[in-house]
Amino acid sequence: MSKRKLFFLLFILYCSIHLLGREYAIYYPVNDSLKIGITGAPFISYYSEVGFGLGLSIISYEKSIKKRDFYKQDFFLRLSADITEEGEFELSIKNSTPIRKYKQNLTSLLEYKKRTIKYYGKDQNPSNKEEINFFPTIYKFICNWERQIVPRIRLGIVCDISGYKNFVNKNLNNIDQSIITNEIYKETVSLSTPFSISKNSDFYLTQYLYDKTSFFRVVGLGPSILYNSKEPNNFPLKGFYYHNHVLFYNKLIYSDYNFITINQDIQYYISWNSHTIASQIISQNTFKDCPLDYYPSQGGSTFMRGLKINRFIDDHLFGIQSEYRSPIFFWRLSMVGFTSTAISYKSMDDFYISNVNVTYGFGGRFALDKSERINARVDIGFSKEGYQLYLKFGEAF
């Protein structure tokens, strides 16, 4: 075991002993019916393909509201920062603020990343040995304003303002492969294994692979609709959730790309005696030429756990996952079991059974706030390609 890994393990052991037996959340009363809770801790993150990371997460949230006139939408703020043993860095601020007087809600996500993005190809079953690593710097700001139209339903506008440096600046489709040479590889990408492209290869790279000086803007705007009856928000035990947003990226609004994304997220929760079944259906679609980071993908800590991040990507994705969540059975500990299935496809002609991927796994939860179930989690997911281990804050969905 390397000295870095040993340091990370000793650090989390120290934090566990130091925090043992303490209350993990502090509450500040706002009025007779509202409290604001604050909790957080240093943590060890882990992805099997990138190794250990050291981070800090601070969460602020509402608690004990007697009357919620905005369909149970609560204030929530999460600040997270982590750095991996490979030197990758990520900072994110996620916020949801209800404006109950005007029946409005504002959600936002601000991210700064310097993290590897892996690319395996856009065919149906790309080899995991032909892996190309991109090392971009990513700046991302997404804001969603919504207003209640009828109880539980709201309409709004989504704005995405993102930027990339050291990244793919053109689409991966319809590439003239004759311009791709070993010299370009050496200057632009890091290959984890020897790699070659033939005229018959389905593994495409961009005509303008990597630009070390240019900064590329991705700007989009579009409508959203949401239906929400789940409760409570932090750890839903029952209810239904539907969110659909369409984003138009165009040079008329100073985007360097012209493309469209349509994303739908459906969640359903049922519970009995504090046992919960959580299910999710995801449909993600891209149209026209978009940067690599915007293609729907399988793999990671939130969807298709058990596959490497970005293991399968294409223009469209359809997937389903379901998770059993146990009640707290000892101290602050609970457990989960999950399974998911998904397909990435370019057109309906690719929609057949051999292209469907299945993952499954189990995990443990540690409740920082027992009543609200603000959890730290460890998950291990399995797939046909092996397993992946994740240490994270918050639920997958």
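Gly306 - would you say it is surrounded by fewer than 23 Cβ atoms within 10 Å (Cβ to Cβ) and under 15 Å from the mean Cα position of the chain (by Cα)? The answer is no for Gly306. Within the set Ser334, Ser344, the sole residue that is under 28 Å from Thr39 (Cα atoms), polar (S, T, N, Q) and surrounded by 14 or more Cβ atoms within 10 Å (Cβ to Cβ) turns out to be Ser334. Considering region 155-166, the residues that are outside any loop (DSSP other than H, G, I, E, B), at pLDDT below 95 and not small (Gly, Ala, Ser) include one that is surrounded by the fewest Cβ atoms within 10 Å (Cβ to Cβ), namely Lys165.
Of the set (1) free of Cβ contacts under 8 Å to residues at least 40 places away in the same chain; (2) over 15 Å from the mean Cα position of the chain (by Cα), all apply to Asn375 but (1).
Residue pairs whose Cβ atoms lie under 9 Å apart, sitting 6 or more positions apart in sequence or on different chains, and linking a residue in region 109-134 that is on the phi > 0 side of the Ramachandran plot and at pLDDT 70 or above to a partner that is part of a loop (DSSP other than H, G, I, E, B) and crowded, with 18+ Cβ neighbours inside 10 Å, are Gly121/Glu130; Gly121/Leu172; Gly121/Phe203; Gly121/Tyr204.
The single condition among (1) closer than 18 Å to Leu237 by Cα; (2) surrounded by 20 or more Cβ atoms within 10 Å (Cβ to Cβ); (3) hydroxyl-bearing (Ser, Thr, Tyr) that Tyr390 does not satisfy is (1). The number of residues in region 298-347 being among the basic types (Lys, Arg) and part of a strand (DSSP E or B) comes to 2.
Within the set Asp256, Asp265, the sole residue that is of a type in the set (Asp, Glu), assigned to a loop (DSSP other than H, G, I, E, B) and closer than 30 Å to Ile132 by Cβ turns out to be Asp256. Considering Asn258, Asn273, the condition of being in contact with a Pro (Cβ under 8 Å, 6 or more places away or on another chain) and surrounded by fewer than 17 Cβ atoms within 10 Å (Cβ to Cβ) is satisfied by Asn273 alone. Looking only at region 314-326, decide whether some residue is surrounded by fewer than 15 Cβ atoms within 10 Å (Cβ to Cβ) and out of contact with any strand residue (DSSP E or B) (no Cβ under 7 Å at 6 or more places or on another chain). No; the residues of region 314-326 include none that is surrounded by fewer than 15 Cβ atoms within 10 Å (Cβ to Cβ) and out of contact with any strand residue (DSSP E or B) (no Cβ under 7 Å at 6 or more places or on another chain). Condition check for Asp350 on (1) modelled with pLDDT of 90 or more; (2) closer than 26 Å to Asn263 by Cα: one failure, at (1).
The values are calculated or read from the model by the stated rules, or taken from the named source; none is laboratory data. Remember, it's a predicted structure, so these values are computed and weren't measured experimentally. Note that each Cβ is placed from the backbone with ideal geometry, even for glycine, and that neighbours are counted across all protein chains shown.
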